[in-house]
There are 2 protein chains.
Amino acid sequence: MQGDCRCVKLDPMSTIAKALGLLDLFSDAHPRLGLSDVQRLTGRDKATVHRHLVALERAGFLEQDAATRAYRLGPALTRLSGIRARTVPEVEMVRSVIDVLSRDVGELVHVSRVQGFDLVHVHHAEEHDHPVRVAFDAYGLPPLFATASGKAYLAFSPGGLLELAIADPRTCLPGTPAPDRREIEAELKQIASLGYARNRDALRLGVSSVAIPVFDGASRAFATCSIAYPTGRGGKGTEARLARLLMQRGRDITEAMGGVVPPHILDLWTPSRERAAS
Amino acid sequence: MQGDCRCVKLDPMSTIAKALGLLDLFSDAHPRLGLSDVQRLTGRDKATVHRHLVALERAGFLEQDAATRAYRLGPALTRLSGIRARTVPEVEMVRSVIDVLSRDVGELVHVSRVQGFDLVHVHHAEEHDHPVRVAFDAYGLPPLFATASGKAYLAFSPGGLLELAIADPRTCLPGTPAPDRREIEAELKQIASLGYARNRDALRLGVSSVAIPVFDGASRAFATCSIAYPTGRGGKGTEARLARLLMQRGRDITEAMGGVVPPHILDLWTPSRERAAS
DNA sequence: GGCAATGGTTCATATAATGAACCCTTGGAT
DNA sequence: ATCCAAGGGTTCATTATATGAACCATTGCC
């Protein structure tokens, strides 16, 4: 154990950043924290922490339970989040998350909303490190069963939808036979257990992709996010690596659009978090 | 004009409070603000404002449009607000707003949720200044048509609901004749144009009340908030005064529960705001 | 080409954040 | 009943941090 983790003189955090950082300690797993909890989690002085908590409370970002004296997230967040939801268009909401993801993976990232049985473009980002990359093609309007996105959507939607999708001719590539019911069901089941859908050379030769669903406020899938990459790139581990990165961001993407990821999916996507907090 | 509004040495605002205060400048009417806008609105130094904006942005509470360089509310608000919605029970959300309202008006304030055609208790607050006051009676389960709350709910719900409500025997006091259709419709229309419902001695002699609806995230009425007071108190102006105070808080109540007040109702409730911002 | 307005940065100065020590209350253990 | 530990909260001298006048860069306009 060399060095007791005393941070090596980063640029001194602003007081504001320190205070706002406290809000990030509150989570679904730990929605209520006392002064001591916060002090332990941050390692800062109790007096400082207390002043920060009070400042946040006065602004409505926290509120204190009169009985237990514990703090929890406050009503101002609901108010401001409402303003954001009403005034910022959907595209702008995902943009930041998607852009970062694209930069991290160096491939084309694509968010589409499901409307009826069509995928409609919401936003895409391509940060191309590689000379060979997948070009974005917004107007392809690929059918549900031909894309990883479509399958990701169906795999995380209630079963009734699949019936309708199979019946609808527009969900398959023109000229392709209607998909086999048993086969599709098996594939969707696998997707549901993996946490993501994949595609290899199905839509266009040489193009593969991985995709996950995006959930709305009632935890229903309503959109998808996918990464497209040249099939040849990187060998066997590529799909798994991209899928992992995508799933890691799954929560952020859904929440950026104001949605809620169902808990069991969250477990699939972020297997071993939440162990830092006591 | 005596004194040029140079604030008379209040306890020096913490940096945190100043920064968080900036977020309150963003509203439905002004969702995007540039550095200069913020500087003008606050009167603070440009450098200070800029540092605060950057700090808020780094924490995800604001984000900056790359093209226009304007700031808008950021994704962290959505994230945190989601945690709050999932972890804080409904009762706790309204509590603070209701408690303050009750203290302000000195009467019984009552929030109920509509389930089917029943009103179920969510939270009440009674800050009794007056020796004579209305005692809270949670288990009365009064029928829709006998209360201001019930009428407020119906008046701000789609028309089809009224049909069903009239047909249902449980919406009236036992032993009372079914309400006259035309009469009710006229009353609801008046309520919709006033912005609140009222009741005088209908449910219990000597008890009057005013009520407004509470809206959910899709701007549908789903609950109500009412003030009950002794009919005799304060003479003629009382109802109008209480109604005004109630409507002033209408937005806060709805937003505390994660809802959105429809714009035309908001105009009824807060007639002349939003004039400070240029 | 000059002017005004916007977004952003610098650096000496003064103000506001910090933390060790302190107090008060609660809830078990003994 | 008494003690002890832990939690929430406060004080005040010290110093680190936030501040703002002046400055630069870019854009749009007459």
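Nothing in this text is a laboratory measurement; each read-out follows from the coordinates by a stated rule. Model, not experiment: these values are computed from the prediction. Neighbour counts are summed over all protein chains in view; Cβ atoms, including those assigned to glycine, are modelled from backbone coordinates with ideal geometry.
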Notebook entry, point to check: Axis carrying B onto A: which residue of B has the nearest Cβ, and how far, whole Å?
Noted result: B:81, 2
Next item on the list: Compare the Cα positions of B:67, B:143, B:195 along the charge dipole of the protein assembly as shown (+1 at Cβ of Lys, Arg; -1 at Cβ of Asp, Glu; about the Cα centre) and return the one farthest towards the positive end.
Entry: B:67
Notebook entry, point to check: Residue by residue through segment B:152-157, which ³J(HN,Hα) values in whole Hz follow from phi under the Karplus form 6.51 cos²θ - 1.76 cosθ + 1.60 (θ = phi - 60°), with glycine and proline marked x?
Noted result: 4, 4, 5, 5, 10, 10
Margin query: Whole-Hz ³J(HN,Hα) for each residue in segment A:217-234, computed from phi via Karplus 6.51 cos²θ - 1.76 cosθ + 1.60 with θ = phi - 60°, x for glycine and proline: what do you get?
Written below: x, 9, 6, 9, 5, 9, 7, 9, 10, 9, 10, 9, 8, x, 3, x, 5, x
Next item on the list: Report the extension gain between residue A:233 and residue A:164 in nm, rounded to one decimal, defined as 0.36 nm multiplied by the number of residues separating them, less their alpha carbon distance.
Entry: 21.3 nm
Item checked: Cα principal axis extents for segment A:15-76, largest first, Å -> 24, 21, 20
Checklist line | Label spacing, shortest first and in nm, from residue A:104 to its equivalents in the remaining copies (7 angstrom along Cα→Cβ) | finding: 4.4
Check: Hey, what's the Cα Rg ratio for the protein assembly as shown versus the globular rule of thumb, 2.2 N^0.38 Å?
Finding: 1.12
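Within chain A, what is the longest stretch that has no trypsin sites (Lys or Arg not before Pro) placed in a DSSP loop and near at most 10 other beta-carbon atoms within 10 Å?
Working: sites that count: A:6, A:9, A:69, A:236, A:275.
Longest stretch, sites excluded: A:70-235.
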Checklist line | Computed over segment B:188-239, Kirkwood Rh from alpha-carbon pairs, angstrom | finding: 12.1 Å
Next item on the list: Provide a whole-number value for the mean count of partner chain Cβ atoms within 10 Å of the Cβ atoms in peptide A:249-260.
Entry: 3
Notebook entry, point to check: Which whole-number percent gives the relative contact order of segment A:15-76, counting Cα pairs below 8 Å spaced six or more residues apart?
Noted result: 32 percent
Item checked: Position residue B:216, label points 7 Å along Cα→Cβ, spacing to each other copy in nm (shortest first, one decimal) -> 1.2
Check: For the pair residue A:200 and residue A:50, what calculated FRET efficiency results from E = 1/(1 + (r/R0)^6), where r is the Cβ-Cβ distance and R0 = 51 Å, to the nearest 0.05?
Finding: 0.35
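I need the semi-axes of the equivalent ellipsoid of chain A: take the C-alpha gyration tensor, multiply each eigenvalue by 5, square-root it, list largest first in whole angstrom. Before the final figure, lay out each step's value.
Numbers: eigenvalues 330, 93, 60 Å².
The equivalent ellipsoid of chain A has semi-axes of 41, 22, 17 Å.
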Checklist line | Amide H contacts under 5 Å for residue B:127, placed H, 5+ residues apart | finding: B:107, B:109
Notebook entry, point to check: Normalised by the residues of chain B, what does the relative contact order come to in percent, with Cα pairs under 8 Å and at least six apart?
Noted result: 15 percent
Check: Under 14 Å Cα-Cα from residue B:18, which aspartates and glutamates qualify once same-chain neighbours fewer than 8 residues away are excluded?
Finding: A:57, B:45
Next item on the list: Any chance you could give the angle, 0 to 90 degrees and rounded to 10, that helix A:46-58 forms with the longest Cα principal axis of chain A?
Entry: 60 degrees
Next item on the list: Could you go through segment B:28-43 in sequence order and give the Karplus-derived ³J(HN,Hα) for each residue, using 6.51 cos²θ - 1.76 cosθ + 1.60 with θ = phi - 60°, rounded to whole Hz, and x for Gly and Pro?
Entry: 4, 6, 10, x, 10, 10, x, 3, 5, 3, 4, 4, 5, 5, 9, x
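Net charge within 13 Å of residue A:49 by Cβ-Cβ distance, Lys/Arg positive one each and Asp/Glu negative one each, not counting residue A:49 itself? Show your work: numbers first, answer last.
Numbers: positive: A:18, A:40, A:44, A:46, A:51; negative: A:37, A:45, A:57.
Its environment carries a net charge of +2.
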Item checked: For residue A:217, residues with placed amide H under 5 Å, excluding near neighbours -> A:260
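Could you work out the mean count of beta carbons from other protein chains within 10 Å of each residue's beta carbon in B:48-55?
On the way: counts 0, 0, 0, 2, 2, 0, 3, 8.
For this peptide, the per-residue mean of nearby foreign Cβ atoms is 2.
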Check: In nm, one decimal, shortest first: how far is the label point of residue A:40 (7 Å from Cα along Cα to beta carbon) from the matching points in the other copies?
Finding: 5.1
Checklist line | Alpha-carbon centroid distance for the pair segment B:48-90 / segment B:181-208, whole angstrom | finding: 42 Å
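Can you give the average number of partner chain beta-carbon atoms within 10 Å of each beta-carbon in peptide A:65-78, as a whole number? It would help to have the intermediate numbers written out before the result.
Details: counts 3, 3, 0, 0, 0, 0, 0, 5, 8, 7, 14, 8, 12, 13.
Mean shielding count: 5.
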Margin query: Please give the Cα centre distance for segment B:16-45 versus segment B:91-130, rounded to the nearest Å.
Written below: 33 Å
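Averaged over every viewing direction, what's the projected area of the C-alpha convex hull for segment A:19-161? Give it in nm², one decimal, please.
Numbers: hull surface 52.3 nm².
Mean orientational projected area (segment A:19-161, Cα hull): 13.1 nm².
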